[in-house]
1. Does at least one position in the stretch 398-415 carry a residue that is over 21 Å from L340 (Cβ atoms), in contact with a Cys (Cβ under 7 Å, 6 or more places away or on another chain) and surrounded by 21 or more Cβ atoms within 10 Å (Cβ to Cβ)?
2. Considering G274, G253, G246, which residue is touching a helix residue (DSSP H, G or I) at 6+ places or on another chain (Cβ under 6 Å) and closer than 21 Å to A305 by Cβ?
3. Cβ-Cβ distance below 7 Å, separation of 6 or more or different chains: which pairs start in the stretch 110-137 with a residue that is closer than 13 Å to G57 by Cβ and end on one that is at pLDDT 95 or above and of a type in the set (K, R)?
4. Restricting to the stretch 270-284, and then to whatever is of a type outside the set (D, E, K, R) and in contact with a Leu (Cβ under 9 Å, 6 or more places away or on another chain), can you tell me which residue is surrounded by the fewest Cβ atoms within 10 Å (Cβ to Cβ)?
5. For the structure I just gave you, tell me whether L322 is of a type in the set (A, V, I, L, M), in the same structural domain as P379 (by TED's automatic domain parsing) and over 29 Å from the mean Cα position of the chain (by Cα).
6. Could you identify the single residue in V297, V336, V321 that is in contact with a helix residue (DSSP H, G or I) (Cβ under 7 Å, 6 or more places away or on another chain), at negative phi and in a helix (DSSP H, G or I)?
7. Of everything in the stretch 38-58, what is under 29 Å from the mean Cα position of the chain (by Cα) and part of a helix (DSSP H, G or I)? Give them in sequence order.
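The values are calculated or read from the model by the stated rules, or taken from the named source; none is laboratory data. Remember, it's a predicted structure, so these values are computed and weren't measured experimentally. Glycine gets a Cβ as well: all are built from the backbone with ideal geometry, and neighbour counts include every protein chain shown.
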Amino acid sequence: MKKILTAKAAKASDLYTIHSLNIPEPRLINAAAYAVLDALQTEGYDLRRPLILCGSGNNGADGFALARMLFSQGAHVTVLYLGASLDAACMSEQCALHYAQAKQAGVIVLTELSQAPSAFTVVVDAVYGTGMHGSIKDGHVCAIFDAINKSTIPVVAIDVPSGVNCTTGEADAHTLRAAQTVTVQHHKAGLLLYPGAEYAGKITLADIGIESDPDYPSDEIYALEDSDLAALLPARPARSHKGTFGRVLVVGGASGMAGAAYLAAMAAYRSGAGLVEILTHAENRTILQQLIPEAIVTCYPDAAALEAILPSALSRANAVVLGCGLGTSELAQRCVSLVLQSAAVPLVVDADALNIISAQPTLLQSISNAQKQRTVITPHPAEAARLLGNEATAQSVTRNVTAAAEQLCDAYGTCVLLKDAHTLIMAHDASTRYINLSGSTALAGAGSGDILAGCIGGLCAAQTNSLPIATTAALAACLHGKAGEAATEKVGARGAMARDILAELAGAAK
């Protein structure tokens, strides 16, 4: 798994390396600068006339050290200092030290830029780094960043593009848009979460010898890699039967909405479930029996029938997927209420069930803590905004998905899978988080969410799965994304449909 750091965790690692491992801070600054220089040379940037933007902190120190190195190699280097003052008292200790060394070496350091960005061949961003919080308030800095963004000059950021919050991925309106970010030691959450990921460009990791503090209660944030899948997928023992791999109950499909239930059920099978039962409206029986004869189709025409058959269906299930195509009718509301009151196995709450809950939050808030800890809600940003209520909007959710997911955990006490280009999965108590990096725009279509819900259910149901539900949800998101990537390869992202993703899911989960 990729370890991902917040700003606080990165700072703690720096301090541990400096004070406990006795590695001098200037050595780390120079190592970071050498790593950036190597990236600039390896990627073939034109280094004849580089412009290095430096702030007053240690990110600026990295920039001054890099300027000195480039100057020694014959580059015509210009440094634009964007701190409050060139007085050493207004800089960090390391920034003041490396500024003095750069000046002594002959590097030109300006506080105003008299030339257009087009006068330079590459821009290196060493202004804020991991220390960015809130918005950029300096109008001079905003104007410089805007001018560079409007130009065609490539930008290489050191650690984090200036304007991006290292922890949340929030991005100021004037954020520098990098072609490449050279980040130190570990990935930073803000480089992977949107909107920050839009500004990071190609991400290059630079190992400069920083070690994590073993005593720091670091944020547990990870991204699954291909090498993790075999270890995390439920085991498939040779001596097994369908019960070994679990039974999934898909509760979904209002009258005329059989497709969503079908996709969720198929995804559960494609993810390895031994048996899938679909509990759906009576009008969907024929079409579902034709679409997926491998599934048991149990039907109800009305609330009385639903109340009669639901307890038995739930008692047979090892995992439940609730909401796909369910609608928001009174019958659907009754269905959601009954399932939430009665389920005692891993539960995936998706789609229309989320919309029903957003209007009646106590439906989910009132279930037992034990059940909350084995439940995952899977909203997209608009659904998340409805669940949060008050003045939340889809736009406010996408500006800071970390805050939105934390608020959902606080409000409902469940695991949260907040869908995005890089989906964020958060355990019920927000203690463990995953950022999913697989996927493509092939997933941005009708039915894709039903497939993800079914995949989570299928993985949860296996009797050989002992993973926390947050890890299982992250695994499902990774497989779902890889299926989207495979569909893109075969038919292209533009024309891919849910059925194409479904067809690739078995290969992703093999």
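1. Scanning the stretch 398-415 turns up no residue that is over 21 Å from L340 (Cβ atoms), in contact with a Cys (Cβ under 7 Å, 6 or more places away or on another chain) and surrounded by 21 or more Cβ atoms within 10 Å (Cβ to Cβ).
2. Details: G274 fails: closer than 21 Å to A305 by Cβ; G246 fails: closer than 21 Å to A305 by Cβ.
Of the residues listed, the single one that is touching a helix residue (DSSP H, G or I) at 6+ places or on another chain (Cβ under 6 Å) and closer than 21 Å to A305 by Cβ is G253.
3. The qualifying pairs are T130/K188.
4. G272
5. Judged against the criteria, L322 is not a match.
6. Exactly one residue qualifies, and that residue is V336.
7. Selection gives D38, A39, L40, T42, N58.
Let's see how each residue does on (1) under 30 Å from L110 (Cα atoms); (2) in a loop (DSSP other than H, G, I, E, B); (3) of a type outside the set (S, T, N, Q); (4) in the same structural domain as V36 (by TED's automatic domain parsing):
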position: C142; (1), (2), (3), (4): yes, no, yes, yes
position: A157; (1), (2), (3), (4): yes, no, yes, yes
position: A178; (1), (2), (3), (4): yes, yes, yes, yes
position: T183; (1), (2), (3), (4): yes, no, no, yes
position: G209; (1), (2), (3), (4): no, yes, yes, yes
position: A230; (1), (2), (3), (4): no, no, yes, no
